[in-house]
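The values are calculated or read from the model by the stated rules, or taken from the named source; none is laboratory data. Keep in mind that what you see is a predicted model, and the values were worked out from it rather than measured. Quick reminder, even Gly has a Cβ in these numbers, built from the backbone with ideal geometry, and neighbours come from all protein chains shown. Ligands, DNA and RNA are excluded from the accessible area calculation, which covers all protein heavy atoms including side chains. Shrake-Rupley method; radii C 1.70, N 1.55, O 1.52, S 1.80 Å.
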Amino acid sequence: MKKIGVISDTHGCLPPQVYTFFDKCDEIWHAGDIGRDVLPYLRNFKPCRAVYGNMDDYNLRYDVPREDVFECEGLKVLMTHIGGWPGHYPKSMKERLLEVKPDIFVCGHSHILKVMYDNELNLLHINPGAAGKQGFHQKSTLVRFVIDGSPKELEILDFPKF
């Protein structure tokens, strides 16, 4: 069993709520548009997986991949920054999802929190929305859940954009 914290679109600003909401998490997954100086703080706090987003500079692009496919507690995960959502995947993303066949698909980019099951592709889609200051979102959002045979106990924290 693992407890996972999911974050995206920090754009260089790490809200203090991360430290309390993710305190009991075993690891953090960052779905891109990380920005400067965020990753070292996350890595010092918890083990962290991350992918770069369209706004991330070349230093981050050398440090983290564009896409990460990995296994967590027996479930296959695909994480990238720009991915769409069930019924609205870009053609290349849908092809990649069909190829990889993940149990969990994590993406960011839209700044819109979406957690939904994709019945067609048989996967849990998680977009944690945006946690940073930059963007049109009115609230910052974070997601955490437990993987214990399947994703369970999903929780969302929303708070005023700081």
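Can you give the net charge of the other residues whose Cβ lies under 9 Å from the Cβ of P47, counting K and R as +1 and D and E as -1? Overall, the nearby charge balance is +1. Take the chain with all the other protein chains still there, run a 1.4 Å probe, and you get 49 Å² of accessible area per residue. For region 22-162, the relative contact order works out to 16 percent when only alpha carbon pairs closer than 8 Å and six or more residues apart are counted.
Every helix of 4 or more DSSP H residues in the chain counts as -39500 (n - 2.57), and over all residues that averages to -4500 deg cm²/dmol at 222 nm.
Note on K76 and Q17: their simple-model spin labels are 3.4 nm apart, each label 7 Å out from Cα toward Cβ.
Residue-normalised convex hull volume from the C-alpha trace of region 31-156: 116 Å³ per residue.
For region 1-84, trypsin sites (Lys or Arg not before Pro) are listed when DSSP marks them as loop and at most 12 other Cβ atoms sit within 10 Å of their Cβ; the list is K24.
Per the 1.4 Å probe, what fraction of the accessible area of region 51-160, in percent, lies on carbon and sulfur atoms? Of the solvent-accessible surface of region 51-160, carbon and sulfur hold 50 percent. Going through the cross-link list K2/K76; K76/K133; K46/K152, which pairs have a Cα-Cα distance over 24 Å in this structure? Listed pairs above 24 Å: K76/K133.
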